[in-house]
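**Student:** Before anything else, here's the structure in question.
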Amino acid sequence: MWVPKRKLDIKTPGFGLNIPNTELLYGRTPVLAALKQGQRDILGLYIQGGYEGDHSREHIMEIVDIAESMDVMVKEGSRSELDQITNDGVHQGIVLRVGMFPAPPIKELGV
């Protein structure tokens, strides 16, 4: 059985809602894509404890395994805590804090 490294706490340093140059990705597909693509700094993964929603716990654990293999801090919290940080977005029990997507050089934009 997986045990979270830390319980989710809105007051935990690095967890706050207004961290400059970061954003939250949520939902299984965007989170999994960000982890696999490796184009952003991954700052933390937050999962809903006891989640049994649209996606089975197995899918959530796949994401947790990938994150932990990258030494990403994984925190577990309640649905209401994840609802709060996503402004009631459809998070499917999983939220990823990432650095901003790197901007391409101007030459690549054709400017």
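**Student:** Distance in nm between label sites at T29 and D41, each 7 Å beyond Cα in the beta-carbon direction?
**Tutor:** Placing both labels 7 Å along Cα→Cβ, they lie 2.9 nm apart.
**Student:** Within the range 27-47, find all residues whose amide N lies under 20 Å from a label point positioned 7 Å from the Cα of D83 along Cα-to-beta-carbon.
**Tutor:** Those under the cut-off are 27-28, 46-47.
A short reminder: the numbers here are calculations on the coordinates, not readings from a lab. Not measured: the values here are computed from a predicted model. All Cβ positions, glycine included, derive from the backbone under ideal geometry; neighbour counts span all protein chains shown.
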